[in-house]
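Encoded as structure tokens, the structure appears first; notes follow it.
All of the numbers you see were taken from the coordinates with simple rules; none came from a lab. If you're wondering where the values come from, they're calculated on a predicted model, not measured in any experiment. A quick note on method: Cβ atoms are made from the backbone with ideal geometry, for glycine too, and the neighbour counts reach across all protein chains shown.
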Amino acid sequence: MPELTAPRQRIQSIDLLRGIVIVIMALDHVRDFFHIQGASDVPTNLATTTPVLFLTRWITHFCAPTFVFLAGTSAFLQGMRKPKKELSLFLIKRGLWLVLMEFVIVTLGITFDPAYHVFIMQVIWAIGASMIILGLLVRFPYPVILIYGLLVVFFHNLADVPEKMNNGPSGFWWNLVHGNFYFQSFGGNRGLLIAYAFLPWSGVMALGYCFGKLFHRDTDALFRKKALVYIGSSLIFLFFILRGFNNYGDPVPWAEQSRGSIYTIISFFNANKYPPSLVYLCMTLGPAILLLAFIENIKNSITGFFVTYGRVPFFFYILHFYLIHILCVIAFFASGKHGVDNIVSPGSPFLFRPLDFGYSLWVVYLIWIAVVLSLYPLCKKYDRFKSSQQKWWTSYL
């Protein structure tokens, strides 16, 4: 995942949190490629999921909100040593670069389709678009950015009402702003898959920018910890309040399940990510912010392991997709059940990933651990290079 150029004194707790969630993120992507149901069903389908499968998906929900939020925080830290005009220009250029990288590099890693029949707009696109918006917002006073973030995050679910009336988001532009997995055909077998609508994520990044004030060099550490505990706890409390009333904050209310009480609990925590509902953001950002309050002064070999990934998130993000897909190709041919005729699956943009391909969940976990550990030396080496060279282009990778 992307980050901004680091301030001279990096804040380890932010790198640590970013590193933890990026390692967890890799689990979800390994599951997509290697789980037997990864291409034919979703782990949030209450009719078919299991508690372990749902938890495997649910824990990865913390990744995207945390990345986008901390990208905004990094922008604020950049602003501590950049004029607003320079910061604005950098954010806009960086945002455009990330959108390009999503279309060209990330899409290729996900699909392995050099003909680019489908362009996929995922989290990198959402961060890029949000960064462009933040680049424009930073020219305004701090309260304007805060109000924008609060309005978007707390009230974008008002759009759920017309969407329900229309049986879902309507049209390309609506889906681009506030949609849910919309495919825009270019004609023939080419098109654009919008997985992340940008408006809610731009609000998250704006609030992350405002949140950066707590990490200003003049902020008292004790005050910061108390503020982090208060904000994180309040968001968690708000999650339970909104979910308890069950009439605003998520387009899909939870309901009692006939499969048993454990599935009713799953329904309660099954918040909507596409686009990220207010309930979803409270459920994920609340614990993430609370964790920041308690990891600021923890330094050991374990935290150092995760900090390494957190310092080079975009580098890891790109590499892990290519590695996962390469391993998928190897497993595809090694299985002996699939031939070249199965490389392309009807209705799927992912090459070498047939709908009937995959393994049980414990194999997914083993592959995930292997992917994370195998990329550690490269991430460590690149982090050292990035820290020592300070090249202009390293801020873009």
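Points to keep in mind about this one:
- Gain upon complete extension [Asn300, Val329; 0.36 nm per residue less C-alpha separation]: 6.7 nm
- Least to most buried among Met165, Met25 (fewest other Cβ within 10 Å first): Met165, Met25
- Neighbour counts of C-beta atoms inside 10 Å place Trp368, Trp125, Trp201, Trp174 in the sequence Trp174, Trp368, Trp125, Trp201, starting with the fewest.
- The chain - share of DSSP beta bridges that are antiparallel (%, nearest 5): 50
- FRET efficiency, Ala370 to Ser40 (Cβ-Cβ, R0 22 Å, nearest 0.05): 0.35
- In segment 12-396, taking the dipole from charged Cβ atoms about the Cα centre, the farthest positive-side position among Gly38, Phe54, Phe69 is held by Phe69.
- A Förster radius of 51 Å combined with the Cβ-Cβ distance from Thr264 to Ile105 puts the calculated FRET efficiency at roughly 0.75.
- Peptides ranked, highest mean first, by Cβ atoms within 10 Å: ranges 248-254, 84-90: 248-254, 84-90
- Isotropic mean projected area of the C-alpha convex hull, segment 210-320 (nm²): 10.0
- Whole-number percent relative contact order across the chain, with pairs defined as alpha carbons under 8 Å at least 6 apart: 29
- Cα centroids of segment 92-159 and segment 20-48: 23 Å apart.
- Cα gyration tensor shape of segment 6-157, rounded if a/c is under 1.5, else prolate or oblate by comparing a/b with b/c: prolate
- Label corresponding to P(r) over Cα pairs in 10 Å bins from 0, in percent when calculated from the structure given, among (1) 5, 22, 34, 27, 11, 2, 0; (2) 5, 21, 30, 26, 13, 3, 1, 0, 0; (3) 4, 19, 24, 21, 15, 10, 5, 1, 0: (1)
- Kyte-Doolittle at least 1.6, axis length at least 30 Å by Cα - qualifying DSSP helices, the chain: 313-334
- Rounded to the nearest 20 debye, dipole of segment 12-396 from Cβ charges on Lys, Arg, Asp, Glu: 1320
- Candidate lysines for bridging to Lys381, where Cα separation is under 21 Å - those fewer than 8 sequence places away on the same chain excluded: Lys299, Lys391
- Electrostatic bookkeeping for Thr60 treats Lys and Arg as +1 and Asp and Glu as -1; over the other residues with beta carbon under 13 Å from its beta carbon, the sum is +1.
- The helix-based estimate of mean residue ellipticity at 222 nm for the chain, built from -39,500 (n - 2.57) per DSSP H run of four or more residues and divided by its residue count, is -20000 deg cm²/dmol to the nearest 500.
- This ranking places Phe385, Phe33 by how few other beta-carbon atoms lie within 10 Å of each, fewest first, which gives Phe385, Phe33.
- With the simple spin-label model, which puts each label point 7 Å out from Cα in the Cβ direction, the Tyr248 to Phe183 separation comes to 3.6 nm.
- Options Asn247, Ile289, Ile266, ranked by Cα towards positive dipole end of segment 189-307, top entry (Cβ charges): Ile289
- At R0 = 30 Å, FRET efficiency that the Cβ-Cβ distance of Trp97 and Ser387 yields, to 0.05: 0.90
- Kirkwood Rh, angstrom, segment 312-397 [1 / mean 1/r, Cα pairs]: 15.1
- Dipole moment magnitude, nearest 20 debye, segment 96-242 about Cα centre, only Lys, Arg, Asp, Glu C-beta charged: 400
- Counting 0.36 nm for each residue step from Ile241 to Trp173 and taking away their Cα separation leaves a gain of 21.3 nm.
- Candidates Phe268, Phe314, Phe198: whichever shows maximal mean-square fluctuation once the chain is modelled as a Gaussian network with Cα springs under 10 Å: Phe268
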